[in-house]
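Okay, so here's the structure we're looking at.
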Amino acid sequence: MTRDDLRVVAPALFSLRELALAPVSPATLRAFSQAVIGWIWLICVGAAAMVYVSVSVFTSPLGIGLVLALGGVWVAHWFAVAEAARLTAQTGVDVVAAPRRPNPRGGFWRTALSPLADGRSWAAIGYAAVSMVTSTIAFTLVIGFSAMGLAGLGAPLYLEHRNVPVHTMADVMSNVGPLPVAVLGLLLVWLTPVVAQASALAQVTLGRALLSQSAAERARAAQKAAEAARWQAETARREAEARARHMVHRAEHLTQTRTEAVSAADDDRRRIERDLHDGAQQRLVALGVELGVARRQAATDPQSAVAALDHAHAEVKETLAELRDLVRGIHPAVLADRGLDAALSALAARTPVPVEVVVGDPQALAACGPSAQAAAYFVVAEALTNTAKHAHASSATVEVTCERRFGWDTPARGLLRVVVTDDGVGGADASSGTGLDGLRARVAALDGTFDLVSPPDGGTRLTVEVPCVS
Amino acid sequence: MRIVIAEDSVLLLDGLTRLLEAEGHDVAGCSTADDLVAALASPATLPDLVITDVRMPPTHTDEGLRAAIHLRSVHRSLPVLVLSQYVEQRYARELFTTDPRGLGYVLKDRVADVEEFLDAVARVADGGTVIDPEVVAQILARTPRSGTERLTAREREVLTLMAEGRSNTAIADRLVVGLPAVEKHVTSILAKLDLPPDADDHRRVLAVLRWLDQTNDPNGAHR
């Protein structure tokens, strides 16, 4: 019971002014309705409960009783909720039903039987039992006192002062006379509200005691909530930290691969420049010399001039072939025109070692982005060049597959996998400065993986996986 | 005469060899700058001319040029003709810091112009100076220095040919004018550029080049 309860539910017990105004106080009206409705409701619940308990007890040998008991306990909670709501509505102060105890983790039986161990439900059942008595008393007192009060007040209208032998209450009143009875009625008119308010207060107090959480429980719950919040905050902090760490890793990775990609592109440009300088340019200069010689000799030594022209002609053809190779090295036209499949077949056909090309679903392959396809092409080209040059292999295999992939951690929807194997001497090297190293940078820039297995006792297996965005 | 060629492109080495042999020269080839330096270690067997490419193994940067500079510092009067893939003023500057007598720097493409190339070979072997017109044109184009704008069109032509290392006679031939006319132009140019009148072609080339080169130095400092 709090001071607030006292002031709202039973103001007549709280101040003299309220006591004076008790018969017309709204608190009195509420207390009256509480007494009447509460009594009807609690009696109904009590009667239902008694029937229910009797059935449970009688059927317990059949095993049904246990189930009914569980149901009863479960219902008890909802009764507590409903009763708390009724008290709140009818008295004007908040009564909050205790929350159901959370199911403990454990085996089936432990979980199933846990409601039986919930003291709150048993308390609610106890409240229902006690309230049957208290509400009945309150109802009787309130109705009785108000009836007597009204009867007393009306005494002057129907009572005559007579001296009669006393047999009934009416005889007593007749002996006392209408005036004292009316005074008594007036007293009762004041006493009834006080009793009504007091009974409401008692009911609220009982409800608080048996339906609500105790202060200790509230404190424990608050502590638990605080702990849960702290735990949640801690978890969130850890997750945020993990995410931040992940982002930092990712940023570092991107920075590194971007640098490598730029330097790989630079290397490519240098290589192209070198190829042009050492190849086509030199050939053209030599061609110029050759033609110059032919011209000088044309008049004096036609035979030598023709020989020089033949030389120059051959030179032109070789220059063209070299330019064609160079252009293919920059970006193979067949890859753009006919797709990866055809480009790989062309590569295999140019390789002096027999190469078996196994290509997965051509449609899925065609759906991979041009960057991934170009990377795959150059990986195969470099690997086959190495195979032909260094591996002394008798055969090689190129396998290209494209997997669809759905993952939360990757924006890519496919994965292009290239596996190049040969049965050569092994010992291939992808350390910095080699052609394979440039490819590794290229693949890394596409977020791909590069795996070279080339033991010194023979065989080389290069596996490259490149995510394709499209 | 005896010529040693250092050139890593087998094709070009072959072409040059056949060209020069057809002209009646005795040609020896080597494919790296180190080979070249090794071949010319003994002063007793010096050839009449060395032709070297700038870019050669192992680093393919400026091995040939450094070999040429080295050879000139060891054998001061050894004629050296340097072939360069592209015009690089810095190379020319490094090469021409010393006596330009018997020194040439020409674009490789010039080789295809056989007569021009043979002329350069003959001039350098003869102790003359040859600087590629491209180099001179580049220097001239980037020269905002006061003085050149006071030159007439004809004088600019003469200046270009002077810078290429040509003698007055050669300039007269090239421009199809008489020798006295060329001499008049030269005197006028030297006067306008505040250069000492000098009969010596080599010293004249150096002076002209230095004069032109100063203006391209960002600091404007004399070198």
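What does the highest-first list of A:159-165, A:91-97 look like by mean Cβ count within 10 Å?
A:91-97, A:159-165
Quantify how strongly other chains surround peptide B:1-14 by giving the mean number of their Cβ atoms within 10 Å of each of its Cβ atoms.
Values: counts 0, 0, 0, 0, 0, 0, 1, 2, 8, 2, 13, 9, 2, 4.
Counting other chains' Cβ atoms within 10 Å and averaging over B:1-14 gives 3.
Please grab the % of Cα pairs in segment A:4-162 that end up more than 26 Å from each other. The partial results should precede the final answer.
Working: 5677 of 12561 pairs.
Result: 45 percent of Cα pairs exceed 26 Å.
Add +1 for every Lys or Arg and -1 for every Asp or Glu among the other residues with Cβ under 14 Å from the Cβ of A:Gln223, and state the total.
Net charge around A:Gln223: +2.
Considering the options A:Ala20, A:Ala151, A:Val67, tell which one lies farthest towards the positive end of the dipole of chain A, charges being +1 on Lys and Arg and -1 on Asp and Glu at the Cβ, about the Cα centre.
A:Ala151
Which angle between 0 and 90 degrees, to the nearest 10, do you get for helix A:178-210 versus the longest principal axis of chain A when only C-alpha atoms count?
In chain A, helix A:178-210 runs at an angle near 30 degrees to the longest axis.
For every other residue with a beta carbon closer than 10 angstrom to the beta carbon of A:Gly177, add +1 if it is Lys or Arg and -1 if Asp or Glu, then tell me the sum.
Computed value for this residue: 0.
Taking Cα atoms, how many degrees apart are the long axis of helix A:333-350 and the longest axis of chain A, rounded to 10 and kept between 0 and 90?
Value to nearest ten degrees: 60.
How much net charge surrounds A:Asp451 when only the other residues with a Cβ under 11 Å from the Cβ of A:Asp451 are counted, with Lys and Arg +1 and Asp and Glu -1? Display every interim value, and only then the final one.
Values: positive: A:Arg417, A:Arg440, A:Arg461; negative: A:Glu465.
Once positives and negatives cancel, what remains is +2.
At a Förster radius of 30 Å, what calculated FRET efficiency corresponds to the Cβ-Cβ distance of A:Glu403 and A:Ala336, to the nearest 0.05?
0.80
Hey, what angle do you get for helix A:370-386 against the long axis of chain A, alpha-carbon based, 0 to 90 degrees rounded to 10?
Its long axis makes an angle of about 50 degrees.
When a/c reaches 1.5 or more, the comparison of a/b and b/c decides; with that in mind, is the protein assembly as shown rounded, prolate or oblate per its Cα gyration tensor?
Working: a/c = 6.27, a/b = 3.24, b/c = 1.93.
Judged from the Cα gyration tensor, the protein assembly as shown comes out prolate (a/c at least 1.5, a/b above b/c).
How many percent of DSSP beta bridges within the protein assembly as shown run antiparallel, rounded to 5?
Percent antiparallel among DSSP bridges in the protein assembly as shown is about 45.
If you take each beta carbon of peptide A:273-286 and count the beta carbons of other chains within 10 angstrom, what is the mean?
5
For segment B:12-152, rounded, prolate or oblate, judged on the Cα gyration tensor with a ≥ b ≥ c (square roots of eigenvalues), a/c < 1.5 rounded, else prolate if a/b > b/c? Don't skip to the answer; put the middle values down first.
Numbers: a/c = 1.74, a/b = 1.54, b/c = 1.13.
It comes out prolate by the Cα gyration axes.
Whose amide H sits under 5 Å from the amide H of A:Gly458, counting only residues 5 or more places off or on another chain, with H placed in the peptide plane?
A:Gly427
Run the dipole for segment B:26-101 about the Cα centre, Lys and Arg Cβ at +1, Asp and Glu Cβ at -1, nothing else charged, and hand back the magnitude in debye, nearest 20.
280
If packing is taken as the average count of other Cβ atoms within 10 Å, what order do A:170-182, A:105-117, A:316-328 fall into, highest mean first?
Numbers: A:170-182: 15.8, A:105-117: 11.9, A:316-328: 13.8.
Peptide ranking by packing, descending: A:170-182, A:316-328, A:105-117.
May I ask you to list the aspartates and glutamates whose Cα is less than 19 Å away from that of A:Lys224, ignoring any residue fewer than eight positions away on the same chain?
A:Asp118, A:Glu234
Using only atoms on other chains, find how many Cβ atoms lie within 10 Å of each Cβ of peptide B:18-26 and report the average.
Numbers: counts 8, 7, 1, 0, 6, 2, 0, 0, 0.
What the average comes to for B:18-26 is 3.
Translational diffusion coefficient of segment A:125-212 at 4 °C, 1.567 mPa s, Stokes-Einstein with Kirkwood Rh over Cα pairs, in µm²/s as a whole number.
Estimated diffusion coefficient is 88 µm²/s.
Computed FRET efficiency, Cβ-Cβ of A:His277 and A:Arg110, R0 51 Å: what is it to the nearest 0.05? Walk me through the numbers before you get to the answer.
Working: r = 83 Å, r/R0 = 1.63.
Computed FRET efficiency for A:His277 and A:Arg110 comes out at 0.05.
Cross-link candidates for B:Lys192: which lysines have Cα within less than 22 Å, leaving aside residues fewer than 8 places away along the same chain?
Excluding near neighbours in sequence, the set is B:Lys184.
Just so you know, all these numbers are worked out from the coordinates, no wet-lab data involved. Just so you know, these numbers come straight off a predicted model, no measurement behind them. Quick reminder, even Gly has a Cβ in these numbers, built from the backbone with ideal geometry, and neighbours come from all protein chains shown.
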